[in-house]
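For reference, the structure discussed in these notes is given below.
The values are calculated or read from the model by the stated rules, or taken from the named source; none is laboratory data. No experiment lies behind these values; they were computed from the predicted model shown. Counting neighbours? That spans all protein chains shown, and the Cβs are built from the backbone with ideal geometry, glycine included. Each accessible area value is taken on the protein alone, full model and side chains, heavy atoms only, with ligands, DNA and RNA left out. Shrake-Rupley method; radii C 1.70, N 1.55, O 1.52, S 1.80 Å.
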Amino acid sequence: QVQLVESGGGLAQAGGSLRLSCATSGFTFTNYAMGWFRQAPGKERESVAVSWNGVGTYYADAVKGRFTISRDNAKNTVDLTMNSLKPEDTAIYYCNAVRGASLRAVFGSWGQGTQVIVSS
């Protein structure tokens with residue numbers, strides 16, 4: 001069974017940094033692109049960053065230059081390093097596999113996510 005476990009969230013001040021981590025199991029990690037998504041209060045879930053293993057990365061315009069996605073294929077984990085945080089980054093952050101260039105999640109079952117709160 002696919003498992004996605006996010007961690008590393010917390011409270012930060014504007015301009016601060018956080019590093020999120022996603023531990024995965026139940027699928028062949030290296031066969032999938034991996035991405036981070038977020039959902040802010042009252043808003044729909046959106047794609048934040050994607051890493052296509054050995055190919056390249058994608059970043060949403062809102063986070064480009066501030067966030068960095070990385071993956072460790074030996075540990076089946078994917079991290080999101082967030083710098084220069086803004087209050088607009090406040091959201092619950094989730095990880096999932098990503099299908100092609102659609103930026104859509106592969107697995108219908110999501111983890112519980114990790115909460116990021118950025119104060120102004």
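Please go through the range 5-41 and give me each residue that is open to solvent by 60 Å² or more (accessible area, probe 1.4 Å) and in a loop (DSSP other than H, G, I, E, B), ordered by number.
Correct list: Ser17, Thr28, Tyr32, Pro41.
Go through (1) touching a residue at least 24 places away in the same chain (Cβ under 8 Å); (2) assigned to a strand (DSSP E or B) one by one and return the number of the condition Gln1 breaks.
Condition not satisfied by Gln1: (2).
Within the group Ser109, Ser84, Ser119, which residue is open to solvent by 30 Å² or more (accessible area, probe 1.4 Å) and either under 12 Å from the mean Cα position of the chain (by Cα) or at pLDDT below 95 (or both)?
Ser109
Inspect all residues belonging to the range 43-50 and state whether any of them is open to solvent by less than 70 Å² (accessible area, probe 1.4 Å) and either part of a loop (DSSP other than H, G, I, E, B) or of a type in the set (Phe, Trp, Tyr) (or both).
No, the range 43-50 contains no residue that is open to solvent by less than 70 Å² (accessible area, probe 1.4 Å) and either part of a loop (DSSP other than H, G, I, E, B) or of a type in the set (Phe, Trp, Tyr) (or both).
Have a look at Tyr93, Tyr59 and point out the one that is aromatic (Phe, Trp, Tyr) and either in contact (Cβ under 8 Å) with a residue 12 or more places away in the chain or in contact with a Pro (Cβ under 8 Å, 6 or more places away or on another chain) (or both).
Result: Tyr93 is the single residue among Tyr93, Tyr59 that is aromatic (Phe, Trp, Tyr) and either in contact (Cβ under 8 Å) with a residue 12 or more places away in the chain or in contact with a Pro (Cβ under 8 Å, 6 or more places away or on another chain) (or both).
Can you name the condition, by its number, that Gly54 falls short on among (1) at pLDDT below 95; (2) assigned to a strand (DSSP E or B)?
For Gly54, the failing item is (2).
What about Thr28, is it of a type in the set (Val, Ile, Thr) and in contact with a strand residue (DSSP E or B) (Cβ under 9 Å, 6 or more places away or on another chain)?
Judged against the criteria, Thr28 is not a match.
I'd like the full set of residues that are open to solvent by 30 Å² or more (accessible area, probe 1.4 Å) and not hydrophobic (A, V, I, L, M, F, W, C), limited to the range 91-106.
Tyr94, Arg99, Gly100, Ser102, Arg104 - these are the residues of the range 91-106 that are open to solvent by 30 Å² or more (accessible area, probe 1.4 Å) and not hydrophobic (A, V, I, L, M, F, W, C).
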